[in-house]
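I have placed the structure first, in the form of structure tokens, so that the comments after it can refer back to it.
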Amino acid sequence: MKIRNIIVGILTLGILNVFSGCEDFLDKSPDMGLSEDDVYKDYTSMRGFMDRAYNFLDNFHSYQNCNNGRTHIGAISDEFASLFNSAESKVVNSGNWLSKDGTDFEIGNGSNGNGTSIWKAYKGLRIVNRVIRDIDLVPGLSEGQRNELLGQSHFLRAWFYFQLIKRYGGMPIFDQLFVGDGDEDLPRKTYHESHAWMMTDIEKAISMLPDVWDDNNTGRPNKIAAMAFKSMSQLYDASPLMQNDLASVQVMEYDKERAKLAAQSANAVLKYIKNHPETENRLMSKDEYTDIFYWKVPPYTQPEYLWYNRKQNTPGANYNANEAFTRYVRAFWLSSEYAQGTGNDAASYNAPTQNMVDMYEKQGDDGLYYPISHPNAKYNDQKPYEKRDPRFYNNILYPGNKWGANASGAAQYITTYVDGNMYKTVVNNNFTNKRQQTGYLCKKFIWEGEDQWKKLYGLNRVITVFIRVSQVYLDLAEASFEATGSATAKVEGCDYSALEALNVIRNRIGIGNVPSVIYNDEKAFRQAIRRERAVELMFEDHRWWDIRRWMVAHELFSEQYPIKGIQATPKNANHANVKDKSTLEFTFKVIDVVPEERIFEMKNYWYPFSMNDAASLNNLVQKPGW
């Protein structure tokens, strides 16, 4: 018989509208004939059903992810300023998250619509909860097949649940299928209680998932992915924001014991990688660094990837790959000079901020790298791009940069300086409404030739990576330091101190060890850990979650216009006729990027439930301040 209509996962936040009535995932059209017998027929049919959950993983490289239009999630943190006049980030950045009927970046007063991370998490939970409940209805499963199905389902259930609690804080436990007769009106748990339940799923996944998959199944979570997810989730659980109960939002300290567990789990991941070369996971070298972020040929994975979205941004995805890549590159990263055209996609892009540029350290006269605010760096604000961390040159295009060539082979330059072509285009374009620009473009995920002349957009293969090896070292560094209060002490059972873990990442890219003047100062070393994380994981969907869990967002966004840019004014009045723009000299001035506001109060640390959801479910406790 047809599977009856049910509600799966949770029925808050507009979920009744998502899952009830004719929304039954298995109620396909009659010609498809999908029934319980079809789903539970054998291993292959059950796996096919479970695999649908992978369609609901996030893809922050998509211009439509989270209903975000042309706006990267970094535009609601301090990573980007969006030049799109109708950017979805504007509602979030206004601070009044219940002022809109719909949702942007999952935030608003409407039921979460199709495509948001929350909506996708609910849909994913619905599928894997059914697999976990009904696995024994599938005949003829071998122990290995059963473990594969359950291992993935427990992993995905934990992952989808994690997407909810890192936004909303503690939530009800979603380990059953609800019938919608009131049994869905469950009380919220604290974050720690929610995390504890999620950990049971992660532990089951670790015990059931294989060490490696064959080539036809590359990208499914394996044992090391589950272990890395465990350490990441434990670091979140130890973080200041997560120490709040359901009734309060105040700045808290790390939980040292929970941080200790996170450090031990991260260390276990690194030890496992070392002892299991068959996984082929490793920290990639400096020479391979750009390959982490994009490539033009298969196999669409890299040794540094531990957990990633295997279905998006590769041939075979559920949309026209070339069209999607073209629009992604043009709408997210390129100015109209490179993108061609005058419409929204060409005119608007996500511009890296001076806030982020300032994160890149500078080499001092002693050969060591320091934050630019440190006197040993001898930073000159009129020569701001000299001797910077190599990742700056990998990630950022700045005024006067040579980048690409036109159809005739003539070199092209980043003319975001005053009266440069790119600068004037933004000023005069209706789609950007003369928005203030930062002076920078992002090149971390694109290469020369993805432009209007060579039109190599369709070759771009960018995978949405959730966890990579670098992050595990950074997780270990943060957790170890917060557990011990020391840069050099080691958590029991760990092979690395916080300093040693951090130095692995720094030495990989060629900037050497953290100077002693930094790691001997507790405050300076904590900032070094956070700065290193911001730089290494920049634009990879970590910063927004990090500044919230650290509870520093209200400080970062305390000014009326906290987002900064660079105003570069050519010293040569005849700059338009200078062929090699990289030879131009500029006068530099850091400016406020107007109207890039970031209104962030204590209540904004947790996403609010919509007013309708808060009113319709008696046991749902609204977040403090909302």
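Values quoted throughout were computed directly from the atomic coordinates according to the rules given, and no laboratory measurement underlies them. Keep in mind the model is a prediction, meaning the values are calculated, not measured. Because the Cβ atoms are built from the backbone with ideal geometry, glycine has one as well, and the counts that use them run over all protein chains shown.
Each Lys or Arg adds one and each Asp or Glu takes one away; over the other residues whose Cβ falls under 10 Å from the Cβ of SER480, this sums to -2. Distances between placed amide hydrogens fall under 5 Å for ARG188 paired with VAL621, all partners being 5 or more residues away or on another chain. The ranking of TYR440, TYR43 from fewest to most other beta carbons within 10 Å of each one's beta carbon is TYR43, TYR440. Within straight-line reach of LYS223, meaning a Cα separation under 19 Å, sit the following lysines at least 8 residues removed in sequence or on another chain: LYS204, LYS271, LYS274. Note that region 213-220 has calculated 3J(HN,Hα) couplings of 10, 6, 4, 6, 10, 4, x, 5 Hz, one per residue in order, obtained from phi through the Karplus relation 6.51 cos²θ - 1.76 cosθ + 1.60 (θ = phi - 60°); glycine and proline are x.
Under 20 Å from a point placed 7 Å out from the Cα of GLU288 along the Cα-to-Cβ direction: which residues of region 519-552 have their backbone N that close? From region 519-552, the list is 536-538. Among 373-386, 339-352, 540-553, the peptide with the highest mean count of other Cβ atoms within 10 Å heads the list, and the full ranking is 339-352, 540-553, 373-386.
Pairs of lysine residues in region 321-459 that meet both criteria, 8 or more places apart or on different chains and Cα atoms under 12 Å apart, total 5.
The amide H of GLY404, built 1.01 Å from its N in the peptide plane, has GLN412 as neighbours under 5 Å, considering only residues 5 or more places off or on other chains. Peptides 71-81, 400-410, 300-310, 571-581 ordered by packing proxy, namely the average of other Cβ atoms within 10 Å per residue, highest first: 71-81, 300-310, 400-410, 571-581. Residues in region 487-496 carry Karplus couplings, in order, of 6, 10, 6, 10, 5, 3, x, 9, 8, 10 Hz; the curve used is 6.51 cos²θ - 1.76 cosθ + 1.60 with θ = phi - 60°, and Gly or Pro positions show x. Sort region 499-626 into rounded, prolate or oblate with this rule: let a ≥ b ≥ c be the square roots of the eigenvalues of the Cα gyration tensor; rounded if a/c is under 1.5, and if a/c is not under 1.5, prolate when a/b is larger than b/c, oblate otherwise. Judged from the Cα gyration tensor, region 499-626 comes out oblate (a/c at least 1.5, b/c at or above a/b). Net charge within 14 Å of ALA247 by Cβ-Cβ distance, Lys/Arg positive one each and Asp/Glu negative one each, not counting ALA247 itself? Combined, the nearby Lys, Arg, Asp and Glu give +3. Quick one: which residues, 5+ away or cross-chain, put their amide H under 5 Å from the amide H of TYR40? H built at 1.01 Å from N. Those lying under 5 Å, H to H, from TYR40: there are none. Quick check: from the Cα gyration tensor, does region 401-444 come out rounded (a/c under 1.5), prolate or oblate? Here region 401-444 falls in the prolate category. The overall shape of region 351-474, judged from the alpha-carbon gyration tensor, is oblate: a/c is not under 1.5, and a/b is no greater than b/c. Sequence-ordered 3J(HN,Hα) estimates for region 592-605 from the Karplus curve with 6.51, -1.76 and 1.60 and θ = phi - 60° stand at 6, 8, 9, x, 6, 7, 9, 7, 9, 9, 4, 5, 6, 5 Hz, glycine and proline given as x.
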